[in-house]
1. Does the stretch 54-65 include one or more residues that are crowded, with 20+ Cβ neighbours inside 10 Å, assigned to a helix (DSSP H, G or I) and in the same structural domain as Asp188 (by TED's automatic domain parsing)?
2. From His32, His40, grab the single residue that is touching a residue at least 12 places away in the same chain (Cβ under 8 Å), more than 23 Å from Met206 (Cβ to Cβ) and of a type outside the set (S, T, N, Q).
3. Any residue in the stretch 243-255 that is in contact (Cβ under 8 Å) with a residue 60 or more places away in the chain sitting within a Cβ distance under 8 Å of a residue that is part of a loop (DSSP other than H, G, I, E, B) and not polar (S, T, N, Q)? List the pairs, counting only those 6 or more apart or interchain.
4. Taking the stretch 184-202 on its own, how many of its residues are in a helix (DSSP H, G or I) and touching a residue at least 40 places away in the same chain (Cβ under 8 Å)?
5. Out of Ala78, Ala83, Ala120, report the one residue that is touching a Cys at 6+ places or on another chain (Cβ under 6 Å), at negative phi and of a type in the set (A, V, I, L, M, F, W, C).
6. Out of all the residues in the stretch 90-110, which are outside any helix (DSSP H, G or I) and out of contact with any strand residue (DSSP E or B) (no Cβ under 7 Å at 6 or more places or on another chain)?
7. Return a yes/no flag: does the stretch 30-52 have any residue that is modelled with pLDDT under 90, outside any loop (DSSP other than H, G, I, E, B) and not assigned by TED's automatic domain parsing to the domain that holds Val179.
8. Give the number of residues within the stretch 111-146 that are closer than 24 Å to Asn185 by Cβ, part of a helix (DSSP H, G or I) and basic (Lys, Arg).
Amino acid sequence: MIQSKGYERFGLTGNPFRDLASETLETIDIFHVRQEMDDHLRMIIDEIFEKQSKAVVAILGALGMGKTQRLLLIQSWARDKKAYCVFRSINPQAKLVISDVIKTLIDTVPLTFFERNISAPRFYSDLKKAYRSSRKKFDPELIGRAIAGALNARSPSILILNDLHNVDPTAELPDFLQVLYSIVNNLDEGVMIAIGSNSAYFDGIMKRHQSLEERINYKLEVQPLIDTEAQEMVAKRLTAKRLVEDLNPIYPFNNDSISILNSESHGNPRQVLKLSDRIIDQAATERVIQIDAQYAMDILEGSRQKRSLPPAPHEILKKLREEARVKRPAIPSRTPPGISTEFEKKVKEYEHALEKMEKALERKEPLPEKEKRMPGAAVKVDLPVDAPLEVAPSMPDPIGTVPPVKVDLPVDTPLEVAPPMTGPTTIVPKPSLDEELPLIIKKKVTMRKLETVTEDGIPAPPKSIFIIEEREMPGPPRKEKGSKGEPSEDAVLSRYRSVPPTRS
């Protein structure tokens, strides 16, 4: 069924990169991209199938490079040749994995009921002893000989152990390596042990167990994809979801865009698939026609910028809300009547300003540049004559990083007109919300009209200049100097004294 997101415009039934673990034993040949090491691996397998040699092969590489895919490929080749094969992925409890391997070898021995109980072959009896040992007193030498004997009896045979790096290095690793050493020492021709592991982990183990390292016949490192191999991998994935056959195998990608994805992923197949998943999903949403190099670079660059963008605006809002709602200062018990109401009013104005700023950030509107002014400088707002009056709230900015936010006043708000002023009104900064509020700040708005002319000397429409002026009212009663609790009146006045405006 065609997905409704828009993949049909690319001739696809859906996103072909969504399931990164879609390779199974049945589909491994379809999705696998052959590299140089695969030819070498195939040559080793053919010698095993012909019983010309025995081999211990380590397939190494970083996460997502394709180690498991190669091990599945070996299992697929063994099935095609009707060779016996046991595949197990190792977890931190490696002893249980070994016990499970023995149980599988016992259950898959082609013996009748009479042969199992009356005339069982020696390797079958050894397997049953080894199984009991693995569940109780773990004997690595006995277990290793039994596993090797069962593999020798059913050659050509292959034992595949994936993710060796998952073994617990303290509790499980020593016994596991002794079992592996015993298996390798007792192998006959026509038997192969294949191990998949992280390169650094495997090298670290072999440095401490050189006798085992000497018995590793082949170390095959999975190499990064080149651009042509990445293109083949993408084409095979797209083909699995293709609706229209007579299209370019890599459409909607092109060679350049896949080269960019491969370069960004450093040739890691899993990372190439992840980036392809993200980009084709975005392209289907935006309904683009072709994923070219420029589109791929734009998506990748946008992802990098998103990861590196500092969360400053949202962190600021979070801190401001904590200041306004959580860390409100307690109103002194000796506060004159009316100051509690005035304080709550200012808090509400402050929270209203924060909400407006949050909405602006959600709409991704550019914030106005912060004016560079000294503390206490007046703020002048130039507006057309017919513009509605907007006055910034008088609540102070606790951390000094948020630009002023305007609050609309009712249309019928009375204005007090002051005589022309030659200089700005200087106001000493008010206390932050973490401090006690010793003074009542009264707001006053004055207005005067300004006649202006253009560069050509033509009179321009007059502008109304609103000047916000704030004045102090008497604060709490005097507190004796040196007493505990509230600061003295002299200390408060010295910190919050306002400088009168200069008038012409």
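The values are calculated or read from the model by the stated rules, or taken from the named source; none is laboratory data. No experiment lies behind these values; they were computed from the predicted model shown. Cβ atoms come from the backbone with ideal geometry, glycine included; neighbour counts cover every protein chain shown.
1. Looking through the stretch 54-65, none of the residues is crowded, with 20+ Cβ neighbours inside 10 Å, assigned to a helix (DSSP H, G or I) and in the same structural domain as Asp188 (by TED's automatic domain parsing).
2. Selected residue: His32, the only one of His32, His40 that is touching a residue at least 12 places away in the same chain (Cβ under 8 Å), more than 23 Å from Met206 (Cβ to Cβ) and of a type outside the set (S, T, N, Q).
3. Leu243/Ile2; Leu243/Gly11; Val244/Gly11; Leu247/Gly11; Tyr251/Gly11; Pro252/Val288; Pro252/Ile289
4. 4
5. Ala78
6. Correct list: Asn91, Pro92, Gln93, Thr108, Val109, Pro110.
7. The answer is yes, given that some residue of the stretch 30-52 is modelled with pLDDT under 90, outside any loop (DSSP other than H, G, I, E, B) and not assigned by TED's automatic domain parsing to the domain that holds Val179.
8. The total comes to 6.
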